[in-house]
Each structure stands twice: as structure tokens, then as C-alpha cells.
Number of protein chains: 2
Amino acid sequence: MKIAGILTIGNEILQGFTLDTNAKKISEELNKRNIKTTIHLTVPDDIDKIKEKIEKFVIKHYDYIFITGGLGPTHDDLTRQSLSELFKSKLVFLEDRHLRISKKFKKVDLPKCQSEIIDISKPLENKVGTAIGMHFKYNKSEIIIMPGVPIEMESMLSTYLNDIKKINIEKNNVVTINTCGIYETKLYEKVKEFIFKNDKHIYFSFLPSYEGVKIRLTSLSSNAKLHKVKNKLLDILSEYAYGTDDVTLESVISNYLINMKLNLSICESCTGGFISKVFTDLPGSSSFFMGSIVAYDNTIKQNIVDIPKQIIDKNGAVSSQVCEMMAKKISKKFKTNISIACTGISGPSGGSEEKPVGTVFISVLYFDNIITKKFIFNVDRASHRIMTKQASLFMLWKILKEI
Amino acid sequence: MKIAGILTIGNEILQGFTLDTNAKKISEELNKRNIKTTIHLTVPDDIDKIKEKIEKFVIKHYDYIFITGGLGPTHDDLTRQSLSELFKSKLVFLEDRHLRISKKFKKVDLPKCQSEIIDISKPLENKVGTAIGMHFKYNKSEIIIMPGVPIEMESMLSTYLNDIKKINIEKNNVVTINTCGIYETKLYEKVKEFIFKNDKHIYFSFLPSYEGVKIRLTSLSSNAKLHKVKNKLLDILSEYAYGTDDVTLESVISNYLINMKLNLSICESCTGGFISKVFTDLPGSSSFFMGSIVAYDNTIKQNIVDIPKQIIDKNGAVSSQVCEMMAKKISKKFKTNISIACTGISGPSGGSEEKPVGTVFISVLYFDNIITKKFIFNVDRASHRIMTKQASLFMLWKILKEI
């Protein structure tokens, strides 16, 4: 098995201002390709430190050395210079590339250094930003240098991994089952016995979050066994497991809606646009998502959504009556066969004895049917909005898979 | 200045399944206390590796060595054993503690190892989980060992930092200036001269993202100097700098709107609820934010927002005419004195020669005035939505600070 080391460069990370998501992303992609990352290391913007650590990685014969950060245009971007000094290799200015990128980004004053690579390296093009990356072989190591901006790094990493034929995606020995609508403890109860029966072949781990619980299965023996255990678990958890690996609840719903030629509208109160945002994150959402009303203020619920004032006055804006009416009104106005509505108190203020902070109602309408549920999510504002968003999606998913 | 090294233990992280948020959190807290983290290192669940790296940290005389992970109850939790071997120190079972924790968490079968510490160390209590932590001085280093579960680590870290009187929070020597509406290169041009004049006293770093560029100033001499330089920079960049440290553009706008007793409505197309979501992330947004229409489909722009069909047909849904009308209609319908509208092509499909993917129009209306701008953000879908969201906020901020 080939091994990799990852070096992240930046004071920002060591000062705790920035989270190093790049190392995780690189490890994740390498892991899929059966390349084992054995070290993550972060050093300051300091030429001597950078040189020292790259040299150590080379001496230790890592098959792959991934370096991120320090390719920006400012004085504290020292990666190019460090590489040039360490490998006694000159910096080469790629003029054609500089002109092309300047034109692409319509920048007349793009710093030349962002088109410089060391002369023993090959360029790695940046499809979303201005700094060029590079890669080269040195002794036994493939050394890959990429920018620190996550989106640029990810795009470049994907190009590199696709281009380098040697790095084939092999059959993966890990699978993740994504669930929603059930707490970790209860989920564990449901699968405990099954896990004990299989833990010689599979290593199980539970990853809870406000969006649901993921179960990660790592094969300790054959991939056939992994596949079998995965399918059995999906079966046991069919009420909650909506997909595996990178599949999200919104993408599963999106596929249902597209395949069934259904369309969707949303009327949000406490989530304030979050549910709509999540659907429109998906490319292609325009084929089923019509639009939303964010009825944050009660006057909007009255005047725009047309909930009669007396219904709000009688039941309160956070009530099953108002929520249900929001779902009905939006589906009628927006001419959709499916709609979601929610109204709740995300806090930190706004609660009462009868309706404490955390109370939320969610309605899902599909054709002539409507389901309304009340929840009390006793968490902070941001988590409350995440849980409400996810519970709405979960309710809709349960309906769609039954239709 | 004291220095710290952080060692994270765990295959989960090296396989890219888990993001190492602990190292960031520790660095952040140390930074507040003027302790400089000079290395983050992650190693596998492997006794030899763990011992080797801790030993190196000790040899290098780090003042503080923080170790997280590997204190769980399973076979791959090897931190206790590694410490015991490296420091030739026996593991001691704290029976009283074991009984107390078993009772607290109502677990009869709590593994004894989770109440074991090495005999040269003092225990660090875990207020939210079961594994005990420990700390001890060795040569010149304070060594602190904590669990990997973030919530347990954070609680224990806070206990440790509070208990150890030596680590006082000193006046912070770092400040961040947040800017928007200007690219890094142009920003750097504007301040380059000023930076060169002050770089003996202040260390400057530039942090670009799709939401803007942050400039971080770290004091190398006195905090009075830092304060002075910060104010001068804010002055130079007054057109772009909207705040410092944790201040976001939406929170600055929110304060303006609340203080000026203004209210806001939004009509979103390509951002699909994202702008509304960002405002409603803020507690207290209900005092100025009325609501939105997400007019994703053209029929919604026509039938709900009331944009005449012939205007859409003539100019296209992505046009300054439609955008401006969206802003006007929403402010009238929602009875607000301020409104934002946007319509664009986030991609990946939907572009034409005349209006390529990336094109977006943004209108901001305030009372009887309206400003509409066209942008072409040549980036992927997700980044396009972030840039559009941020450009809308930036346009509104510029208006509010002039009113």
C-alpha cells in the first residue's frame, strides 16, 4: 500500500483562526484510492520550517507528499521560494498562462508570481482561482503543491487525481450508511445484536450530528462481506436509512421529484429560507422547485400568504393550524402538488410557558393529503434551524418513498 | 512568548473521515493567551508513532504539549499505554472516580481503563464524558492529555486553562480587518506601501475567500502600535472594511437597520433563499426582516411577484429590468423601505452567448432610490451563490453607511 504525507502551511491555522479542511479532503480522496495517509502536519509561514519538513517527508520516502498553502501573492506566501531553495531549482514564469488567466479573470494587474513554478515541476492548472499549482517527482516521492483556498485546492486535487492514471480508484473497503429521524441511542439498540454478530469482519462506528446519525462500516475481511452486511443493515434500518456515502436527503428527494414529475413549493418561517437554500444548492433543482415565501413577520403570513388574522390571533403564529394553512396556501398559490411549511421558535427569545423556545410545527402537503407534526428541539438557534430543516426533509422523504 | 505543539491521535482523521476541529480549538484558546502554536501533527493509532512524536515534542522543549485522542475504551485506543511506556510510568486505576462516573452516567459496565492515569500525572476531570484526562510536567514541558471527542475536549481544555493560573488571558495581540468588494491583488496594492512602513511592528497576512478578503494584523511590539495601525488601515480601506474580528457583513447591516428603524424584504432567484437564510441566522432579525419571495421559476416571477410576462419575454428573466422590478414589487408588497433582488445563472447549465453562466443582476432599493448592478462571477455554482449573496450585502452596506 502506498503512503502519503500532508503538509499544510499557514500561521492562520496554527493561530486557530482557520480550520484545516484541506488535509481531511486530501486524506478522504486518497483513502478512496487505497493510499494511506500516515501524517498530517501544519507548519508556520516560515521558510526554514517549510524546507525542513518537506525534506523530512522526502527522506522518509512518502510515495505522495501533498503540500497546501502559501501560494498567494503576498509577502507571507513563501511556498514557492521554499521549494526553489530546497530543491535548488529556479522559478520559471509561465507568461502564456499569466496572460490567459489575466484575461479569464479580467485582471490587468495579476501578480506574476502566481504563474511561477519551479523548473523541475509541471504546472497544475487552477480552474477556479489565479495561483498555479505544481507537481514533480523527487527521489521516490510524487510532490504535489496546491493553493490553500479550499475550493481551489479541491478542484486542483480532482484534476491531479484524474490525470495521474497510476492512482486508480480501487474497490473501496469503507461504506457509510446515512440515517435520519432516529437518535443514536435508539439506533444503536436496533442494530446492536447485528453488530455483535459481524464485528469480526466489519468495524462499525457511529457518527451523530444534528442532521442524523451516520454508521461507518470498515471491512476487516472481504469486500463481499462488507457489501452483504451493508445491505442487511439498510434493510434493518429501511425506515431511517436514506442513502450511503455522499448521498444527502435533499438529493434523494430531488431524484424522487424529478422521476415522479412532481413540483415543490415551500413556506418558511423560523428557517427563514434555509430549506429553499438547501434544495437550490442542487444543480437541476429548477426542474422541480418552483419557489418559496419566507413569511418571517406575521404581517407577511397574513397579507402575502393569506392566513386570516383571526386564525393567527386565536392559535398563535406557531401552531399546527397556521402551519397547515401555510402549506395549503403556498401549494395553491405556486400551483405545486407538494409543499412544505414550518413555523417555530428557534430562540434565543420568543418562547412562552405553553410554547417554549424550541417548539416547531412542520407540515408536508402532497396532493390532497397533509401531515403536520410538532417537535420540541431543545438546542441553540443554529442547531434548531438545522434540525427543523432536516425534519422537514425527512417527513417529505418518508411520504415520497411510500407513494 | 511560550510555544505549544499539538498532537492529534487517530486513524479516523488520517483516513479523512473526521475533521480535526480540536487542534483549531486549542490553538484558538492558546492564541488568546499569547501562547504560540508552532505545530499541528496527526499520527495514526500506533504505539511506536505516538511515542516517537511525543518524545520529539519533549526534546524540542515545547512549553505546552497538547495531546488529544486515543482515550476511548476500544482496542485501538493506545494513548495511555504509549504514555506509560514512553515515560516508564505505571497506570493507576482511580477507583473512587470510576464509581462516581459509573453512577453519574448510569453505566454498570464502564471500562476501568477510562479511569486510569499514569502515575506521574494529575487527573483532569471530564464533565461531559467518561474518559479521564491527565496532565504533568516533564522536563520543560507541560503535557496535557485529553479525549478526542470535541465536546469532551473543549470542556476539559476550559477546565485546564482556568485552573492553571499561570496561563492568563493577556490583552490580545491580534486583530483582523474584514473587507468585501475588492479582490486580494487590488487590496494589496492599496496597502502595500503602508505595510512595508509598519512591518517591523506588525505582521500582516491576507486571507481571501469568496466572501471577501481579511487582513490579519499580529503585533510584534506594543498593542498600542497595533491599535494605531489597525485604525489607520480601517481609514485607508474605509470603502471596503466593514468590521473587525468576528463581525460579519450581515451583522453590521442588521445593526444599521435596527438603529435606523428600517425594514427589509428580499426577492431571490438564483440564490434560492440563501440571502434570507443569512439574515435570519442572526438572533433578533425579526425586528427588521419581514420576509422574502424565492421566485425560482419564471411563473413565480410572473404570477406571484407580478412581473409582466412581456417584460420577461423581452429582456429575459436574467436582466436588469426584471431584477429592478423584482426589488420594487417586493418592497411594495411587503411594505418595506429597503429591498434586495437578484436574478442570475449560477450554473452549471443555463447560460447563453449573450448571458454566460456566471451572469447575475443585483438590485438594492432604499426608499425611492434603486441601484442595479451586473456581475459575471466566473466560478462554480456554490461559489457563485456565495459571491452573489455577499455582493448583495456589500451593495446594501455601502448604501446604509452613506444614508
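The values are calculated or read from the model by the stated rules, or taken from the named source; none is laboratory data. Note that the structure is predicted; figures quoted are calculated from it, not measured. Cβ atoms come from the backbone with ideal geometry, glycine included; neighbour counts cover every protein chain shown.
Only residues in the stretch A:96-114 that are free of Cβ contacts under 8 Å to residues at least 12 places away in the same chain count as the first member; pair them with residues that are surrounded by fewer than 14 Cβ atoms within 10 Å (Cβ to Cβ) and assigned to a loop (DSSP other than H, G, I, E, B), Cβ under 8 angstrom, at least 6 apart or cross-chain, and list the lot.
Qualifying pairs under 8 Å: A:SER102/A:VAL108.
Please work out if A:LYS200 is crowded, with 16+ Cβ neighbours inside 10 Å and over 30 Å from B:TYR210 (Cα atoms).
Criteria not met by A:LYS200.
Within the stretch B:289-307, restricting attention to residues that are facing chain A (nearest Cβ under 8 Å) and part of a loop (DSSP other than H, G, I, E, B), which residue is surrounded by the most Cβ atoms within 10 Å (Cβ to Cβ)?
Top of the filtered list is B:TYR296.
Quick check on this structure: which one of A:ILE253, A:ILE275 is in contact with a Ser or Thr (Cβ under 6 Å, 6 or more places away or on another chain) and not assigned by TED's automatic domain parsing to the domain that holds A:TYR188?
Matching residue, one of A:ILE253, A:ILE275: A:ILE275.
Quick check on my filter: what residues within the stretch B:346-367 are within 28 Å of the chain's Cα centre (by Cα) and surrounded by fewer than 24 Cβ atoms within 10 Å (Cβ to Cβ)?
Of everything in the stretch B:346-367, those that are within 28 Å of the chain's Cα centre (by Cα) and surrounded by fewer than 24 Cβ atoms within 10 Å (Cβ to Cβ) turn out to be B:GLY347, B:PRO348, B:GLY358.
Inside the stretch A:256-288, can you point out the residues that are in contact with a strand residue (DSSP E or B) (Cβ under 8 Å, 6 or more places away or on another chain) and assigned to a helix (DSSP H, G or I)?
Passing the criteria: A:LEU257, A:PHE274, A:ILE275, A:SER276, A:PHE279, A:THR280.
Go through (1) within 12 Å of chain B (Cβ to nearest Cβ); (2) polar (S, T, N, Q); (3) out of contact with any Ser or Thr (no Cβ under 7 Å at 6 or more places or on another chain) for A:SER84 and report which single condition fails.
Among (1) within 12 Å of chain B (Cβ to nearest Cβ); (2) polar (S, T, N, Q); (3) out of contact with any Ser or Thr (no Cβ under 7 Å at 6 or more places or on another chain), A:SER84 violates only (1).
Of all residues in the stretch B:99-139, count the ones that are assigned to a helix (DSSP H, G or I) and either touching a strand residue (DSSP E or B) at 6+ places or on another chain (Cβ under 9 Å) or not charged (D, E, K, R) (or both). Steps first, please.
The first filter runs over the stretch B:99-139 and keeps only residues assigned to a helix (DSSP H, G or I), leaving B:99-104, B:112-115.
Now narrow it down to the ones that are either touching a strand residue (DSSP E or B) at 6+ places or on another chain (Cβ under 9 Å) or not charged (D, E, K, R) (or both): B:99, B:101-102, B:112-115.
Of the residues in the stretch B:99-139, 7 are assigned to a helix (DSSP H, G or I) and either touching a strand residue (DSSP E or B) at 6+ places or on another chain (Cβ under 9 Å) or not charged (D, E, K, R) (or both).
So in the stretch B:6-30, with the set limited to residues that are at the interface with another protein chain (Cβ under 9 Å from one of its Cβ atoms), in contact with a strand residue (DSSP E or B) (Cβ under 7 Å, 6 or more places away or on another chain) and not in a loop (DSSP other than H, G, I, E, B), which one is surrounded by the most Cβ atoms within 10 Å (Cβ to Cβ)?
Here the answer is B:ILE6.
Looking at the stretch A:178-194, which of its residues are surrounded by 11 or more Cβ atoms within 10 Å (Cβ to Cβ), modelled with pLDDT of 90 or more and not small (Gly, Ala, Ser)?
Once the filter is applied, which keeps residues that are surrounded by 11 or more Cβ atoms within 10 Å (Cβ to Cβ), modelled with pLDDT of 90 or more and not small (Gly, Ala, Ser), the stretch A:178-194 yields A:ASN178, A:THR179, A:CYS180, A:ILE182, A:LYS190, A:VAL191, A:PHE194.
B:GLU116 versus (1) within 13 Å of chain A (Cβ to nearest Cβ); (2) in contact with a helix residue (DSSP H, G or I) (Cβ under 8 Å, 6 or more places away or on another chain); (3) of a type in the set (D, E, K, R): which is the lone unmet condition?
(1)
Restricting to the stretch B:248-268, name every residue that is in contact with an Asp or Glu (Cβ under 9 Å, 6 or more places away or on another chain) and closer than 12 Å to A:SER276 by Cβ.
Passing the criteria: none in range.
Pairs under 6 Å by beta carbon, first residue among the acidic types (Asp, Glu) in the stretch B:306-320, partner surrounded by 12 or more Cβ atoms within 10 Å (Cβ to Cβ), six or more apart or different chains?
Final answer for the pair search is B:ASP306/B:LYS329.
Which of the residues that make up the stretch A:269-287 are small (Gly, Ala, Ser), within 7 Å of another protein chain (Cβ to nearest Cβ) and crowded, with 24+ Cβ neighbours inside 10 Å?
Those that are small (Gly, Ala, Ser), within 7 Å of another protein chain (Cβ to nearest Cβ) and crowded, with 24+ Cβ neighbours inside 10 Å: A:GLY272, A:GLY273, A:SER276.
Quick one: B:GLU95 ticks every box in (1) in contact with an Asp or Glu (Cβ under 7 Å, 6 or more places away or on another chain); (2) more than 11 Å from chain A (Cβ to nearest Cβ) except a single one, so which number is it?
So B:GLU95 meets the others, but not (1).
Could you say which residue among A:ILE39, A:ILE3, A:ILE47 is surrounded by fewer than 24 Cβ atoms within 10 Å (Cβ to Cβ), over 22 Å from the mean Cα position of the chain (by Cα), among the aliphatic types (A, V, I, L, M) and at the interface with chain B (Cβ under 8 Å from one of its Cβ atoms)?
Going through A:ILE39, A:ILE3, A:ILE47 in turn, the sole match is A:ILE39.
For the stretch B:173-223, which residues satisfy the criterion of being within 17 Å of A:GLY129 (Cα to Cα), within 8 Å of chain A (Cβ to nearest Cβ) and either touching a residue at least 12 places away in the same chain (Cβ under 8 Å) or assigned to a strand (DSSP E or B) (or both)?
B:TYR183, B:GLU184, B:TYR188, B:PHE206, B:LEU207, B:PRO208, B:SER209, B:TYR210, listed by residue number.
From A:LEU207, A:LEU217, A:LEU226, which residue is touching a Ser or Thr at 6+ places or on another chain (Cβ under 6 Å) and farther than 21 Å from A:LYS398 by Cβ?
The unique qualifying residue is A:LEU226.
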